[in-house]
Structures are given as structure tokens and as C-alpha cells.
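Here is the structure we will look at.
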Amino acid sequence: MIKKLTNNLGVKLLSLLIAIIFWITIINTQDPIEQRTYYGIPVTLINQEAVTQKEKIPEVISGDFVDVVVEGKRTELDNLTKSDFVATADLTEISFMDAVLVRVKLPNHPNVTVLNNGENVLKLIFDDYVTRKFSFRINTTGQAEQSCFVGDAIASPNMIELSGAKTVLDKVSEVVLDVDVNGRNADFTTTAIPQVYGANGERIDAGKYAVNLETVSVMVPVFPTKQVHLRVDTVGELPEGYELLPERIAFQPETVTIAGTKEDLRKLSSYLTLKVDVEGQTGTVEKNIYIADVLDDSLTSLRVVNNQMVAVTVEITPYVDKTIELPLDKIEMNNLSEHLSAELLHTSPLLVKVKCKASRAQHLTADAIKAYVNLQGFTADTYRLELQMELPANVLYTEKTYIELVVRQKVMNGPENTPPTGFFEN
């Protein structure tokens with residue numbers, strides 16, 4: 001048996017060697033060794049406590065992402081993803097130039113070799129470690145149910161503490177809580193995750209700071225609404241000779257939507273009256289009135305949903321001119337001595353010029369005017385006198401009217417005395 005095994009031993013060993021070489025060749029042909037580069041592998045800082053003394057915090061300025069070159073069999077490399085790489089910078093190894101070598105491992109792929117391990121460098125600066133408080137801005141998204149209004153949401157607690165590098169917190173502009181109100185028709189409470197933003201609206205990476213609150217409770221009031229009509233009243237006295245016509249008052253909008261509790265909305269009138277002070281004004285008066293200023297202070301839940309301000313225009317116009325024909329028999333001769341008589345020296349009605357409100361002009365006639373002259377103490381003669389008039393309210397006498405008359409002495413028997421020639425003005 002031994003002789004058979006040792007017979008042609010050299011040939012047998014050579015055949016075995018050829019078989020092994022052939023097997024290795026086949027394996028390498030089917031699953032060859034390759035090199036590949038994986039880009040943008042994130043680097044994690046470890047052992048940060050080694051450099052956080054004296055209230056300082058490391059801030060990465062470069063090298064927080066690295067490109068890794070690996071070598072291994074094709075089949076294994078085909079299964080590699082970024083999540084398989086563990087790239088770390090150990091801050092216990094920091095150099096005097098504030099740099100740390102990046103170490104890369106593939107714990108789940110021991111047969112894959114990282115060729116450029118330790119060649120990448122992460123550079124740091126050290127900043128002050130600070131803690132600051134910020135209030136929240138609550139941003140509601142979506143649309144509440146029709147005829148409902150979302151009020152001012154309240155966060156509890158109402159502030160958050162951020163801790164981290166001073167250069168990072170200096171960039172913080174606001175902390176936002178996003179709350180979805182879509183389809184809501186009643187008050188509700190929810191939780192929201194704080195989101196931190198810079199001055200230009202850019203979101204700041206949550207890995208750059210620490211927070212004392214992971215979530216925040218938010219109470220959102222949702223109110224019913226009511227459509228309310230507006231009207232405008234004026235207060236104050238106008239100058240004499242001016243009027244304010246209702247059709248000369250214009251305002252926009254004519255209706256507003258008010259939100260509040262059901263109880264307060266029931267107490268709210270269907271009309272809101274806006275008052276405009278026109279004391280001593282003429283021409284066009286323009287006012288902007290905030291609706292919130294005219295709401296009843298006792299109805300504390302009420303809020304104006306739209307059109308916060310009403311633009312009001314009031315045109316104050318002068319009285320219109322009116323000329324009235326005054327019949328001669330309408331003129332009274334008052335206080336004439338019983339021994340005298342008076343006679344007008346006119347043959348046609350007098351024209352009396354006045355000003356009055358436009359609405360009254362059409363209906364203003366001589367019947368509304370009391371016209372007279374006071375002849376107390378007059379003697380027989382011919383006179384030119386200013387006609388005295390008592391006018392209705394809001395009617396102004398704009399131009400003097402004169403009359404001519406003759407006063408004669410009465411005689412019991414015979415003709416009356418003839419007055420001297422000429423007129424006398426009194």
C-alpha cells in the first residue's frame with residue numbers, strides 16, 4: 001500500500017500544486033480583489049470630555065467628512081454602504097495644531113482593508129461653551145375647518161435652553177414649533193419638536209447644539225366666527241354753512257369677520273359703529289379706524305380675523321345757493337305810528353338770496369321766511385331800508401336785500417300830506 005502511495009510521488013505532488021494554482025486562478029477570476037473609493041463618510045468626535053475643560057467646546061472647521069479607499073473581494077465590496085464605515089476622531093490624540101487623525105473601521109467586514117486609514121485629518125477650533133434661552137414662535141400649518149379661526153397658540157413651557165458653541169448660538173434667530181391645524185374646529189393640545197433657524201431662514205443642524213427639551217406641549221385655541229356689518233357715524237359740530245350728506249360717507253370694507261368664544265359672539269351686535277370726529281372740519285376728511293379699538297373691552301376673547309383697519313372718507317360740503325321770490329305782501333311794516341301809513345315802491349316780488357342744505361333747497365319757499373322792517377320812530381318821508389328776515393334753522397342770509405317805501409301822514413279829512421322828493425336810508 002505504501003509503495004503504491006509513494007509510486008510516482010513527484011508527479012503526484014506536481015499535479016496537486018497545479019490543481020491548487022488552478023483553483024486559486026479560478027477563484028480570483030470569478031471574485032477578484034479590487035480597490036474602491038467611498039466618498040463623504042461622516043466623522044464622529046469621540047472622547048470630547050478630554051477637551052471640554054474651562055467651558056470650551058471643539059468646533060470642526062474641516063475634515064468632518066472623508067473619502068475612504070478600500071480593498072477587498074468584489075462580492076464583499078458590492079455589499080458595502082456608507083453606514084458600514086465607522087470614522088472617528090479621538091480628541092485624546094489632538095495635536096498642538098488642533099488637528100486629529102481620522103481612523104476608519106469596517107467592523108462588519110474584516111476581510112476588507114482600509115488603504116488610507118489615518119491619512120485624513122480633522123481640524124478644530126475651540127469656542128466658548130454657552131447656554132442661552134429662547135422663546136418660541138409657533139407656526140400653524142394647514143387650514144382649520146370653515147368658519148373657524150385659529151387663535152394665538154401657547155407653548156408650555158414657553159422657553160427653551162440651547163447649549164453649544166458661542167459661534168453657533170450667535171447665529172440662532174428663532175426657535176419654531178410647527179403645529180398642524182388642518183380640519184380643526186375646537187381647541188386642542190399637541191406636542192411639537194423645536195426647530196432652530198438662523199437669521200436668513202436656514203435651519204441649524206441639531207447636532208451643533210444641545211437642548212433641555214426634546215418636545216414641547218402646545219395648546220391651540222380654535223374659535224367660531226361671526227360676520228359683522230359696519231356703519232359710520234360722525235360726531236362734532238360743523239362750521240356754519242357746511243353740511244355732511246349721508247351719501248358723502250364712504251368706507252371699506254363694509255363687513256368684517258370676528259372670532260371669539262360662542263358666548264362673546266352671542267353678545268356681539270351684528271353691526272359695529274365707527275365714529276369719525278368732524279369738529280370744525282370742511283372738505284374731505286380721511287380716517288383709518290382699527291376695528292379692535294371699537295370692540296367691547298368686556299368681550300375679551302374677540303379677535304378680528306381679516307381687514308384689521310377700515311378706511312373712511314367723509315366729504316363735508318358747503319350749503320347750496322338759493323334765490324327765493326318774496327311777494328311784496330309778505331313784508332311786514334312793524335311798529336309804525338298809528339298816525340302814519342307806509343307803502344312799498346316796488347311793483348314785482350323781491351329776490352332774496354340765501355344758502356341752505358342741499359336737501360332743503362328744493363322745498364324752501366317764501367312761506368318759510370318772515371320778512372319785515374322796523375318803522376318805529378319814522379316820520380313821513382321816503383326811505384330805502386334793509387329788509388330784516390327771520391330764516392329757518394340752517395338757512396343763511398347771504399346778501400342784503402333793500403326795499404323802498406314811502407311813509408305818509410294820515411289825515412282825517414282831505415288828502416294825505418305829500419312827502420318830500422328823494423329817498424332817505426335808515
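Do you know which residues across the stretch 265-295 are part of a loop (DSSP other than H, G, I, E, B) and either within 26 Å of the chain's Cα centre (by Cα) or not acidic (Asp, Glu) (or both)?
Quick first cut of the stretch 265-295, residues part of a loop (DSSP other than H, G, I, E, B) only: 268-270, 278-282, 295.
Passing the criteria: 268, 269, 270, 278, 280, 281, 282, 295.
The conditions are (1) surrounded by fewer than 13 Cβ atoms within 10 Å (Cβ to Cβ); (2) in contact with a Gly (Cβ under 9 Å, 6 or more places away or on another chain); (3) not basic (Lys, Arg), and residue 121 fails exactly one of them. Which is it?
(1) is the only condition that residue 121 fails.
Would the stretch 87-99 turn up any residue that is touching a strand residue (DSSP E or B) at 6+ places or on another chain (Cβ under 9 Å), loosely packed, with under 14 Cβ neighbours inside 10 Å and either touching a residue at least 40 places away in the same chain (Cβ under 8 Å) or assigned to a strand (DSSP E or B) (or both)? Write out each step before concluding.
We begin by selecting, within the stretch 87-99, every residue touching a strand residue (DSSP E or B) at 6+ places or on another chain (Cβ under 9 Å); these are 87-95, 97-99.
From what's left, loosely packed, with under 14 Cβ neighbours inside 10 Å: 92-93, 95, 97.
When the remaining residues are screened for being either touching a residue at least 40 places away in the same chain (Cβ under 8 Å) or assigned to a strand (DSSP E or B) (or both), the result is 92.
Yes, there is a match, as at least one residue in the stretch 87-99 is touching a strand residue (DSSP E or B) at 6+ places or on another chain (Cβ under 9 Å), loosely packed, with under 14 Cβ neighbours inside 10 Å and either touching a residue at least 40 places away in the same chain (Cβ under 8 Å) or assigned to a strand (DSSP E or B) (or both).
Among the residues of the stretch 211-237, write down those that are over 30 Å from residue 180 (Cα atoms), of a type in the set (A, V, I, L, M) and surrounded by 17 or more Cβ atoms within 10 Å (Cβ to Cβ). Show your work before the answer.
Taking the stretch 211-237 and keeping what is over 30 Å from residue 180 (Cα atoms), we get 229-237.
Now restrict to residues that are of a type in the set (A, V, I, L, M): 230, 232, 235.
Result: 230, 232.
Would you check if residue 106 is crowded, with 18+ Cβ neighbours inside 10 Å and either touching a helix residue (DSSP H, G or I) at 6+ places or on another chain (Cβ under 7 Å) or on the phi > 0 side of the Ramachandran plot (or both)? Step through it out loud before you land on a result.
Details: crowded, with 18+ Cβ neighbours inside 10 Å: yes; either touching a helix residue (DSSP H, G or I) at 6+ places or on another chain (Cβ under 7 Å) or on the phi > 0 side of the Ramachandran plot (or both): yes.
When the stated conditions are applied, residue 106 passes them.
Looking only at the stretch 225-264, count how many residues are closer than 27 Å to residue 185 by Cβ, assigned to a strand (DSSP E or B), touching a Lys or Arg at 6+ places or on another chain (Cβ under 8 Å) and not hydrophobic (A, V, I, L, M, F, W, C).
1
Among the residues of the stretch 290-309, is there at least one that is of a type in the set (Phe, Trp, Tyr) and surrounded by fewer than 15 Cβ atoms within 10 Å (Cβ to Cβ)?
If we filter the stretch 290-309 for residues that are of a type in the set (Phe, Trp, Tyr), which is where we start, we get 290.
From what's left, surrounded by fewer than 15 Cβ atoms within 10 Å (Cβ to Cβ): 290.
Yes: one or more hits.
Would a scan of the stretch 344-366 turn up a residue that is closer than 30 Å to residue 286 by Cα, free of Cβ contacts under 8 Å to residues at least 12 places away in the same chain and among the small types (Gly, Ala, Ser)?
No: zero hits.
Just a yes or no: is a residue in the stretch 135-155 of a type in the set (Phe, Trp, Tyr), out of contact with any Phe, Trp or Tyr (no Cβ under 9 Å at 6 or more places or on another chain) and touching a residue at least 60 places away in the same chain (Cβ under 8 Å)? So that I can check it myself, show each step before the final result.
In the first step, residues of the stretch 135-155 are kept if they are of a type in the set (Phe, Trp, Tyr); the result is 136, 149.
Narrowing the set further to residues that are out of contact with any Phe, Trp or Tyr (no Cβ under 9 Å at 6 or more places or on another chain) leaves 136.
If we keep only those that are touching a residue at least 60 places away in the same chain (Cβ under 8 Å) too, we end up with 136.
There is at least one residue in the stretch 135-155 that is of a type in the set (Phe, Trp, Tyr), out of contact with any Phe, Trp or Tyr (no Cβ under 9 Å at 6 or more places or on another chain) and touching a residue at least 60 places away in the same chain (Cβ under 8 Å).
Name, by its number, the condition in (1) within 30 Å of residue 269 (Cα to Cα); (2) touching a residue at least 60 places away in the same chain (Cβ under 8 Å); (3) not hydrophobic (A, V, I, L, M, F, W, C) that does not hold for residue 184.
Answer for residue 184: the failing condition is (2).
Every residue, every condition in (1) in contact with a Ser or Thr (Cβ under 8 Å, 6 or more places away or on another chain); (2) not assigned by TED's automatic domain parsing to the domain that holds residue 175, yes or no:
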| site | (1), (2) |
| --- | --- |
| 89 | yes, yes |
| 92 | no, yes |
| 97 | no, yes |
| 107 | no, yes |
| 110 | no, yes |
| 114 | no, yes |
| 136 | no, no |
| 139 | no, no |
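Look through the stretch 207-246, keep the residues that are acidic (Asp, Glu) and within 32 Å of the chain's Cα centre (by Cα), and return whichever of them is farthest from residue 313 (Cα to Cα). Lay out the reasoning, then the answer.
So in the stretch 207-246, the residues acidic (Asp, Glu) come out as 214, 233, 237, 240, 243.
Cutting the leftovers down to within 32 Å of the chain's Cα centre (by Cα) gives us 214, 233.
Details: 214: 53, 233: 12 Å.
Top of the filtered list is 214.
Please enumerate the residues belonging to the stretch 308-364 that are among the polar types (S, T, N, Q), more than 30 Å from residue 254 (Cα to Cα) and in contact with an Asp or Glu (Cβ under 8 Å, 6 or more places away or on another chain). Step through it out loud before you land on a result.
Within the stretch 308-364, the first condition is being among the polar types (S, T, N, Q), and the residues that meet it are 308, 313, 317, 323, 334-335, 337, 341, 347-348, 359, 362.
From what's left, more than 30 Å from residue 254 (Cα to Cα): 323, 334-335, 337, 341, 347-348, 362.
Across the stretch 308-364, the qualifying residue is only 341.
The values are calculated or read from the model by the stated rules, or taken from the named source; none is laboratory data. Values in this document were obtained by computation on a predicted structure and should not be read as measured data. When we count neighbours, we look across all protein chains shown, and the Cβ atoms used for this are built from the backbone with ideal geometry, even at glycine.
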